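Enquirer: What follows is a single structure, and I will ask about it in a moment.
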Amino acid sequence: MAENTPNFGHNRLLRFLYIGSETNCYIPGDRKLTLENIHCIDSSSQEAAVKEIIRVAKEGSSVYPDALLFALAVCSQSQNIKAKQAAYSALKEACPTASELFSFVHFAEEVSKPTTGWGRSRRTAVSNWYKTDPKKLAALVTRVMSHRGWSHKDLFRLVHLKTENKGLAALYKYVTHGYEAAEKEFGVPDASPQVKDLLEYLKAVHELKHTADEQKAARLIEMHELSFEHIPTPLLKSKEMVPSTGKRYLVAIDVRNSMVHGKKTLGCQYVSPADAACLILMALSRAESGKVTALAFSKDGLKDIEINNKMTHNDFFRRLRETPMGPVNVAAPLQWAQDKKKPFDVILVCTANQIQSGDVHPADAFKEYRLNLKLPQARFIVCAFSSGEFSLAPPNEPGMLDVAGFSDKVLQVIQDFARGVF
């Protein structure tokens, strides 16, 4: 009888949306999602399911976001017209990034088999995803050009994308024919300020993709607020971008919703605080091979997320999102290292903008850590990526540093401070 109650079905849906499984067992890592994985959505519950999908997507609290997109894809194929319309109407809210859009399209085709399911409703919904502010869309489109075997060019072809907006038209031309074609057609002398601004942005993305000059790349990233995904792989692997300091690092990262869906990162608005933290962590792990320990502020306290120098940005991001979020006590990593008698030269905390501490002020915890482990030259850094002004480091404490915001210079500042340059 219990299995037929609305509450039971709702609980199964919530489990699926949060952990990717209707059961009480959470298994970390990726898995193949099929219709055999989900039984909690039927024709009578699909409208309500869409509302829950939107709510959980906005929270950003799912540890397995693909489950949200798969569930939405299931609802989009409903025989219930209202549920189907609700699912497609929710596409922009549930898929705020291009990678999520591609994942939804992938899942929608999977659950539509043996047909592709590319009817009017899906074409309209996908087309509407691309109809937004041109500059905002340019950032989304150029960050992720393809995923799961799909590209923007593929989707443009399927939905027959058209627009009267010159800015969007220029971006569509860029996607389908490249920067030179977009510049030739839309870079006319009487182009509107919106179009000129868009073309400048696309030019920066284009130049970044084709440059091997690290200084030029850094300037482009800073001037045009380009994101991590724009950086070409060779530059990410360059040893000159992330030179070793030979120091031992402990990096503790905030995994709360504000890191992904909170305020914008100061100084680099198209990079989320979570992206900034992953970029720093990836750079340090590659530069300081084997000397970086990473912790997450989980609901069960500090959790070792077991990183290595082969992991990609997406690997780091996924590892953090799989960690159940918990409160951030800035002094906790210092206390953790002291309790475990682990010597680190640098302890770094990455958060968004909520600087908290427990009963012990971080400066006092840092002082005690250095004294007990006999590390007088240790350094303690707090990066608050969305905070314009905060002060944890006492003026008379040369071993502590506060970093408010993010830019391409932050990693250098961290490493120079670690080496005792200032």
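The values are calculated or read from the model by the stated rules, or taken from the named source; none is laboratory data. What you are looking at is a predicted structure, and each value in this text was computed from that prediction instead of being measured. Note: ideal-geometry Cβ built from the backbone for every residue, glycine included; neighbour counts use all protein chains shown. Only protein heavy atoms, including side chains, enter the accessible area calculation; ligands, DNA and RNA are left aside. Shrake-Rupley method; radii C 1.70, N 1.55, O 1.52, S 1.80 Å.
Enquirer: Tell me which residues, restricted to segment 258-287, are surrounded by 24 or more Cβ atoms within 10 Å (Cβ to Cβ) and of a type in the set (Gly, Ala, Ser).
Expert: Once the filter is applied, which keeps residues that are surrounded by 24 or more Cβ atoms within 10 Å (Cβ to Cβ) and of a type in the set (Gly, Ala, Ser), segment 258-287 yields SER272, ALA274, ALA276, ALA277.
Enquirer: Can you tell which of PRO398, PRO343 is within 20 Å of TYR249 (Cβ to Cβ), in contact with a Leu (Cβ under 8 Å, 6 or more places away or on another chain) and not aliphatic (A, V, I, L, M)?
Expert: Going through PRO398, PRO343 in turn, the sole match is PRO343.
Enquirer: Starting from segment 167-189, keep only residues that are free of Cβ contacts under 8 Å to residues at least 24 places away in the same chain, then list their pairs with residues that are of a type in the set (Ser, Thr, Tyr) whose Cβ atoms are within a distance under 6 Å, requiring at least 6 positions of separation or different chains.
Expert: That search, which allows pairs on different chains as well, returns ALA169/THR163; ALA182/TYR174.
Enquirer: Tell me which residues, restricted to segment 100-111, are open to solvent by less than 10 Å² (accessible area, probe 1.4 Å) and over 21 Å from the mean Cα position of the chain (by Cα).
Expert: Scanning segment 100-111 gives a single hit, ALA108.
Enquirer: I'd like the full set of residues that are open to solvent by less than 20 Å² (accessible area, probe 1.4 Å), farther than 16 Å from SER272 by Cα and of a type in the set (A, V, I, L, M, F, W, C), limited to segment 394-420.
Expert: MET400, ILE414, PHE417, ALA418 - these are the residues of segment 394-420 that are open to solvent by less than 20 Å² (accessible area, probe 1.4 Å), farther than 16 Å from SER272 by Cα and of a type in the set (A, V, I, L, M, F, W, C).
Enquirer: Kindly indicate whether THR97 is at pLDDT 85 or above and open to solvent by 20 Å² or more (accessible area, probe 1.4 Å).
Expert: yes
Enquirer: Looking at segment 389-418, I want the residues that are farther than 22 Å from LYS367 by Cα and have a partner that is buried (at least 18 other Cβ atoms within 10 Å of the Cβ) and of a type in the set (S, T, N, Q) with Cβ atoms under 6 Å, at least 6 apart or on another chain. Which pairs are those?
Expert: The qualifying pairs are ALA404/SER387; PHE406/THR265.
Enquirer: Still on this structure, I have one more. Mind checking which residues of segment 311-328 are under 23 Å from LYS342 (Cβ atoms) and out of contact with any Ser or Thr (no Cβ under 6 Å at 6 or more places or on another chain)?
Expert: MET311, PHE316, ARG319, LEU320, PRO327
Enquirer: Counting only residues that are closer than 22 Å to PRO243 by Cβ and surrounded by fewer than 16 Cβ atoms within 10 Å (Cβ to Cβ), which one in segment 288-311 is modelled with the lowest pLDDT?
Expert: SER289
Enquirer: Just to be sure I understand, how many residues within segment 330-380 are within 28 Å of the chain's Cα centre (by Cα) and among the aromatic types (Phe, Trp, Tyr)?
Expert: 3
Enquirer: Out of LEU168, LEU198, LEU155, I need the residue that is of a type in the set (A, V, I, L, M), more than 30 Å from THR116 (Cβ to Cβ), open to solvent by less than 20 Å² (accessible area, probe 1.4 Å) and within 27 Å of the chain's Cα centre (by Cα). Which one?
Expert: LEU198
Enquirer: Any residue in segment 298-309 that is assigned to a helix (DSSP H, G or I) and more than 25 Å from THR97 (Cα to Cα)?
Expert: Scanning segment 298-309, I find no residue that is assigned to a helix (DSSP H, G or I) and more than 25 Å from THR97 (Cα to Cα), so the answer is no.
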